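See structure below.
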Amino acid sequence: MENFIKEKLRTKIIGRRIIHYISVASTTEIAKKLALERAEEGTVVIADEQTLGRGRLGRIWLSPKGSLALSIILHPSLEQLPQLIMMTSLAVVRVISHLTGLKAVIKWPNDVLINSKKVCGVLIENEVEDDRVEFAVVGIGINVNVDLSPFPDISAFATSLSQELGREIFLPDFVVALLSEVEKLYVQAQAGVSPYTEWKDYLETLGKRIRVKIGEMIEEGRAESVAEDGSLFLRRDDGSLTKVTAGEVTILKD
Ligand code: BT5
């Protein structure tokens, strides 16, 4: 897989080094270890299968064979840090659209959905010291060629590209397109062009009544808008407005 990717990839930063595993606990865990050992920016860790894939807040991300699990080491500025989640989910939506024609949308803050079902999760982990980003690890998990029916914990609200398409897609081509798209958006962000406007257009959460779980706290209201740093403005039922930077969203009935 890595030879195919290296041959086809025309990027300058992302994929300078590609480390491919058949099975690992978590590509993000490995990428973080490498980043702490000063691995160069653009290093990509990719696995055919993860045995302990990580979601946010200690949750588990299931990555059986056929799905895509990869993590990218980046060195963004502090200002670019909040844009990483936007550029990554936007890159995933664009690539799904280009390669399959399927319409994907973004559920704030980090999910990509097709037909209201989760097809991809993004996890950004970073290390900041004295206002300097030491590194960020962008973790992307996508259900590409998987049948999720043997996974009852998620099969009701998750889907895969092959399930939606009725056929499998060539995974290495998908990886090349994804890394290229993330790089394009990353280079643009470095030149001062934020992914914000296009990202916002794909946000299915806006305008909906939602419940957000923020740690132990719960807020309810209408998702009114998003700020340039990606945080969400929620209009509570009493008319007051609150800004949410992270949380777990449930869409409520109107
Ligand atoms: C995420 O967390 O959605 C981020 C997932 C990031 C995974 C990538 S894979 C490469 C890299 N290496 C890692 O170890 N992680 C990253 P969160 O928003 O917390 O969602 C987790 C929840 O999604 C779980 O509690 C399940 O309900 C659901 N889930 C788990 N596996 C899933 C899957 N394959 N497809 C759809 N939903 C899933």
On the given criteria, is residue 11 in a loop (DSSP other than H, G, I, E, B), surrounded by 16 or more Cβ atoms within 10 Å (Cβ to Cβ) and of a type outside the set (Lys, Arg)? yes
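From 89, 97, grab the single residue that is assigned to a helix (DSSP H, G or I), under 24 Å from residue 135 (Cβ atoms), among the small types (Gly, Ala, Ser) and more than 9 Å from the ligand (Cβ to nearest atom). Don't jump to the end; show me each part of the working.
Numbers: 97 fails: under 24 Å from residue 135 (Cβ atoms).
Unique residue meeting the criteria: 89.
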Here the residues within the range 139-159 that are within 10 Å of the ligand (Cβ to nearest atom) and closer than 30 Å to residue 34 by Cα are 139, 140, 141, 142, 143, 146
If we keep only residues of the range 14-53 that are part of a helix (DSSP H, G or I), among the aliphatic types (A, V, I, L, M) and within 9 Å of the ligand (Cβ to nearest atom), then the residue surrounded by the most Cβ atoms within 10 Å (Cβ to Cβ) is 31
When restricted to 125, 134, 164, 181, the only residue crowded, with 16+ Cβ neighbours inside 10 Å, in contact with a strand residue (DSSP E or B) (Cβ under 9 Å, 6 or more places away or on another chain) and more than 20 Å from residue 55 (Cα to Cα) is 164
Out of (1) within 12 Å of the ligand (Cβ to nearest atom); (2) modelled with pLDDT of 95 or more; (3) among the small types (Gly, Ala, Ser), the one residue 58 does not meet is (2)
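The values are calculated or read from the model by the stated rules, or taken from the named source; none is laboratory data. All figures in this text were calculated on a predicted structure; none of them were measured in a lab. Note: ideal-geometry Cβ built from the backbone for every residue, glycine included; neighbour counts use all protein chains shown.
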